[in-house]
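Have a look at the structure below before the remarks.
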Amino acid sequence: MSRIGRMPIAIPAGVTVDIAENNKVTIKGPKGTLERILPAEMDIKMEGSEITVSRPNDLKKMKSLHGLTRTLINNMVIGVNEGFEKKLEVNGVGYRAQKQGKKLVLSLGYSHPVEMEDPEGIETVLDGQNIIIVKGINKEKVGQYAAEIRAKRAPEPYKGKGIKYADEVIRRKVGKTGKK
């Protein structure tokens with residue numbers, strides 16, 4: 001049995017859940033509204049202030065969808081209630097980030113500044129010149145946009161220059177050694 005799939009999802013106060021046909025789940029909370037169509041085979045039930053997900057049989061596909069469906073609903077509940085955020089650090093001499101309205105302007109050692117428009121429902125906040133915080137209610141979109149920002153200049157292993165996640169550890173390499 002799926003350990004994660006079996007766990008009920010507690011619905012906090014101020015969050016409303018609506019389960020329509022075809023497993024279309026709409027969750028409203030203080031931070032906004034999220035909706036998603038989940039696999040039709042899964043049985044999603046609302047019991048009081050809890051949501052439970054059950055599967056029809058023990059086929060491999062159903063087992064894999066069971067835990068996934070539960071996690072997706074749980075992430076939606078957390079998102080509308082608290083929201084998600086990812087921290088990125090810009091490291092390197094002359095590397096910096098600026099905010100111009102809804103645009104994030106990155107100076108990353110290229111011949112031109114890299115401009116990135118904030119996607120809908122995602123907000124970027126700067127903490128100083130070298131920490132970027134990506135915030136939003138949709139975990140998937142927050143993670144995707146943070147990955148896109150990081151991809152503009154991924155950290156290199158010699159000096160650690162580039163954009164990295166705040167909790168990421170870069171494996172460092174030893175540089176060249178001179179002739180004897």
Whether any residue in segment 59-70 is assigned to a helix (DSSP H, G or I), touching a Leu at 6+ places or on another chain (Cβ under 6 Å) and at pLDDT 90 or above is what I want to check.
yes
Any residue that is part of a helix (DSSP H, G or I), open to solvent by 30 Å² or more (accessible area, probe 1.4 Å) and either under 20 Å from Ala147 (Cβ atoms) or in contact with a Pro (Cβ under 7 Å, 6 or more places away or on another chain) (or both) - is there at least one of those in segment 21-32?
no
Taking segment 76-98, which residues are within 19 Å of Tyr158 (Cα to Cα), among the small types (Gly, Ala, Ser) and open to solvent by less than 40 Å² (accessible area, probe 1.4 Å)?
Gly92
So in segment 34-57, with the set limited to residues that are surrounded by fewer than 14 Cβ atoms within 10 Å (Cβ to Cβ) and closer than 17 Å to Ile78 by Cβ, which one is farthest from the chain's Cα centre (by Cα)?
Ser49
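Yes/no per residue for (1) aliphatic (A, V, I, L, M); (2) in contact with a helix residue (DSSP H, G or I) (Cβ under 8 Å, 6 or more places away or on another chain):
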| residue | (1), (2) |
| --- | --- |
| Ile27 | yes, yes |
| Gly32 | no, yes |
| Ile51 | yes, yes |
| Ile73 | yes, no |
| Val77 | yes, no |
Any chance you could count how many residues in segment 4-17 are farther than 20 Å from Glu82 by Cβ and either over 23 Å from the mean Cα position of the chain (by Cα) or assigned to a loop (DSSP other than H, G, I, E, B) (or both)?
1
Every residue from segment 37-58 that is assigned to a strand (DSSP E or B) and either of a type in the set (D, E, K, R) or touching a Pro at 6+ places or on another chain (Cβ under 6 Å) (or both)
Asp43, Lys45, Glu47, Glu50, Thr52
Tell me, which residue of segment 102-139 that is at negative phi and touching a residue at least 60 places away in the same chain (Cβ under 8 Å) is most open to solvent (accessible area, probe 1.4 Å)?
Lys139
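The values are calculated or read from the model by the stated rules, or taken from the named source; none is laboratory data. These numbers come from a predicted model, not from an experiment. When we count neighbours, we look across all protein chains shown, and the Cβ atoms used for this are built from the backbone with ideal geometry, even at glycine. To get the accessible areas, we keep the full protein, side chains included, count just its heavy atoms, and leave off ligands, DNA and RNA. Shrake-Rupley method; radii C 1.70, N 1.55, O 1.52, S 1.80 Å.
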